[in-house]
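The numbers here are math on the coordinates, done by the rules we state, and not lab data. It should be emphasised that the depicted structure is a prediction, and the values quoted were computed from it without experimental measurement. Note that we place each Cβ from the backbone using ideal geometry, even for glycine, and neighbour counts take in every protein chain shown.
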Amino acid sequence: MRHAPELRAKMPDTAADTRWRARLSLGLLLAPALLWLSALIILPHADLAVLSFRERVAPRKYVHSLAQYKTFFLEPLYWHVFVHTAVMSVIATLMTLLLAFPIAWIIAKLARGRAASLLFIVCLIPFWVSETVRTLGWMILLRESGVLPALLVKLHITAVPVELLYRDATIFVGLVYTSLLFMVVPLVSSLESLDNSLIEAAYDMGAGGFATLRTIVIPHAAPGITAGCIVVFMLTLGNYLTPTLLGGKNSQWFTEQIYAQFITRFNWEQGAAFGFLLLGLSTAMVVLGLRLSGQRFGDVMRRT
Amino acid sequence: MVASAVVKRFAGHTAVDSLSFSVAHGSFFSILGPSGCGKTTLLRMIAGFIAPDSGDIAIGGNSMAGVAPNRRPVNMVFQQLALFPMMNVGENVAYGLARRGVERAERIRRSAAMLERVGLNGAAHKRVDELSGGQRQRVAIARSLVLEPTLLLLDEPLGALDLKLREHMKIELKQLQAAFGTTFVYITHDQSEALVLSDHVGVMNQGRFEQLGTPQDLYYRPQTPFVASFVGTNNRVVGRCISRDAQIAEIATSDGWNIRALVHGSIGVGDAVEAFVRPEIATLAHTAAGLPAGQPHYGGEVQSVLFDGANSAVLLQETRTRREFRIALPQTGQFSDLEPRDSIAFSFDPARAVCYAARAGIAGQDA
């Protein structure tokens, strides 16, 4: 009882103390992620940003300049590859969406229990093998002396084995295959939350299958669709291995240009500038996508 | 609407067992039954979401076999209402019209007129989640009625509302049905909804109709022990018939209480019998002398007084057998001063109590 006045005097302090402790524990919990983020993403990018804005005028002598970005805009090849990559990535994303939607629908609405998880595993299986091995597997199937051209000859569809590699279509096959899971997961979660009675109600009021899809299912799944498209677009745009191996050296993928600047030409300044241009492109496309679909970034990211 | 010998089986059990009934044009028909009795299955067959295994459903004289739900002259108000959250109230109501290719201006005009008729004028631009429970209810009904269906199906639409609102919506539904003249088929497990709203009620149990009739029929003239126990409150007494005349049987319970009740169906002396006595047909008195002459009278001890305004009742134990018995308190306020453990006398008119041959598997079990 003797301590009671002291305790009361300390009360405001204790409250502040508790708040401080809460902040400390929050900070400690976030520390690994923040360290990771700053050490491996923010720091190198800051360094690259500095790199991209300088020019080598003599050995070991650099000045600040916009020369790297100027080269990009003045050299048609770079432009061409940049636009080509963007267009191909958009098409690959849409193809993935078209392919993933029915799969997600089956998993979310039609399959029950075991069948649904089995379908999920089927989508996951490609990821059990490393990307390199997986892509090399495609090469075994598709190259001129490979399995599929031989089969086409056997079936008398083509007279001689056809080279199926090094075409844009081949790159699409590889990209869609790699991206499918990242589209299926957000779609399944958004379709699962769609109340079946809404579909029945639409049907009951005279809507056919397509009208229900357009007026009920797609508006409901829009955040999931946008989330899947953003993830797949980013993965596709930044993909290096698949376009290089399936499309060959002439696949004109922008990541190859970055690779060439850094590794082959040893022109880090140019490579860094290209890297930031690609970052700008993917940001611009994501913003455009969100605008077009009328979604908010926060809502969409909760779905991924 | 006419249903003939409709059957639906699911993995080993028969959900709807060869049902035949008809609903007159413009009437309010309820299907009343406990959960799992097959009433939802029946409703979904009328809506067309599931096809009957055999039998046929005809609406307005046309067989609905093979007709998809979006082509039937039937609309449904779903249990959870299923309003479209991605649309505002006006778009919800206009949805069916848009699917029929009605022009935009006409759609807006008709949906606004419909919203006005259900008392929601000016709500067209509100979001669905801005509405109260009762308003959503009205939107769901408006969304169906704007299509002018031959038949409106309602799947326990009041189930999600709180009691006060449910009472209010009950009255509103009845008025809406009267105003529109559309045939309503309403399913519910709430006997009070069915009794208040309907012109006719089908009491459903295990895929069959136990009884089809007006609410008054069901209440005053139940045809089966299931209806007697499901509709309204009833005191159930199980025993054996020890003697009978043309109409009245004398029933003795295993613990030696004798009561008399009107015979329903065929009951022979010695048969197991279920008898039902409504709480409001019994008369209370402080002493046996105060009871109507000519009725068998019994003594009891008050167990508890269940005060519920006009529905107040007293729960008592019959003196000899300690058997629970519920008696409605007179509305005059008489007996409102009863206390637990008070002694009381009661009697009832045997002609107003009913008894049936006991259902298989139920004989001997007491309520």
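In table form, for the structure just shown:
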{"read-out": "Listed peptides B:331-338, B:69-76, B:84-91 by packing density, highest first (mean Cβ within 10 Å)", "value": "B:69-76, B:84-91, B:331-338"}
{"read-out": "Rounded if a/c under 1.5, otherwise prolate or oblate - the protein assembly as shown, Cα gyration tensor axes", "value": "prolate"}
{"read-out": "Whether segment B:56-185 is rounded, prolate or oblate, judged on the alpha carbon gyration tensor where a/c under 1.5 counts as rounded", "value": "oblate"}
{"read-out": "Other protein chain Cβ atoms within 10 Å, averaged over every residue that makes up A:202-214", "value": "6"}
{"read-out": "Length-normalised contact order for chain B - Cα pairs under 8 Å, 6+ apart - percent", "value": "15"}
{"read-out": "Estimated 222 nm signal from helices in chain B, with DSSP H stretches of n ≥ 4 weighted -39500 (n - 2.57), rounded to 500", "value": "-7000 deg cm²/dmol"}
{"read-out": "Count of Lys pairs (Cα-Cα under 29 Å; at least 8 positions apart or interchain) in chain B", "value": "8"}
{"read-out": "Helix B:104-117 vs. chain B, principal-axis angle (Cα, 0 to 90°, nearest 10)", "value": "20"}
{"read-out": "Theoretical FRET efficiency, 1/(1+(r/R0)^6), r = Cβ-Cβ of A:Ser293 and A:Leu28, R0 25 Å, to 0.05", "value": "0.05"}
{"read-out": "3J(HN,Hα) from dihedral phi, segment B:171-176, Karplus parametrisation 6.51/-1.76/1.60, rounded to Hz, x for glycine, proline", "value": "5, 5, 4, 5, 5, 4"}
{"read-out": "For segment A:22-176: rounded, prolate or oblate by the Cα gyration tensor [a/c cutoff 1.5]", "value": "oblate"}
{"read-out": "Segment A:124-281 - percent relative contact order, Cα under 8 Å, separation 6 or more", "value": "24"}
{"read-out": "Virtual spin-label span in nm between B:Arg221 and B:His168, 7 Å along Cα→Cβ", "value": "3.8"}
{"read-out": "Theoretical FRET efficiency, 1/(1+(r/R0)^6), r = Cβ-Cβ of B:Thr14 and A:Glu163, R0 56 Å, to 0.05", "value": "0.35"}
{"read-out": "Sites B:Ala293 and B:Asp199, calculated FRET efficiency, Cβ-Cβ separation with R0 51 Å, nearest 0.05", "value": "0.80"}
{"read-out": "Within straight-line cross-link reach of A:Lys70, aspartates and glutamates at Cα separation under 15 Å, skipping those fewer than 8 residues along the same chain", "value": "A:Glu55, A:Glu269"}
{"read-out": "Pair A:Leu151, A:Ile263: separation of 7 Å Cα→Cβ label points (nm)", "value": "3.1"}
{"read-out": "Rel. contact order, % - alpha carbon contacts under 8 angstrom, at least six apart, segment B:1-74", "value": "35"}
{"read-out": "Pairwise label distance in nanometres, A:Leu141 with A:Arg21, each label 7 Å out on the Cα-Cβ vector", "value": "5.9"}
